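The values are calculated or read from the model by the stated rules, or taken from the named source; none is laboratory data. Note that the coordinates shown come from a computational prediction; the quantities given were computed from them, not determined experimentally. FYI the Cβ positions are ideal-geometry reconstructions off the backbone, even for glycines, and counts take in every protein chain you see.
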Amino acid sequence: MGFTQLYPSFCSVEAVKIYILYDLYVDISSRELGLGRSLMKKANEYARETGTARIDLLTAKDNLPGQKLYEQLGYMRTNEDFFAYSLAITSYNQLKRLSRFQKRLK
């Protein structure tokens, strides 16, 4: 079937509560049945019920079906001039294990 994940956040520029839609997934066997649209509508209902100002999301540039769905549901492209960055955080314990492993290689 499918699922969606919303993460609460806060827009400091507008001083409003927002949600980040991190995942919308529909199993290939369930596509073309309107499940993605239903999940997105439920996410929107939940955001309204919890007093959220908006839902933000990122999608791949080649995800044309997703872009079509989002635009049909009223989502607007807002950040075409920005790049998305990510930094993986390595925990202290991971660094310790890596250090021990590197010592064994020497």
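Observations
- Within region 86-104, residues that are under 30 Å from Leu58 (Cα atoms) sit with their Cβ atoms under 9 Å from residues that are assigned to a helix (DSSP H, G or I) and modelled with pLDDT of 75 or more, at 6+ positions apart or across chains, in these pairs: Thr90/Leu98.
- In the set (1) among the charged types (D, E, K, R); (2) surrounded by 11 or more Cβ atoms within 10 Å (Cβ to Cβ); (3) modelled with pLDDT of 95 or more, the condition left unmet by Arg31 is number (3).
- The condition of being of a type outside the set (Asp, Glu), under 16 Å from the mean Cα position of the chain (by Cα) and surrounded by 12 or more Cβ atoms within 10 Å (Cβ to Cβ) holds for only one of Ala60, Ala47, that being Ala47.
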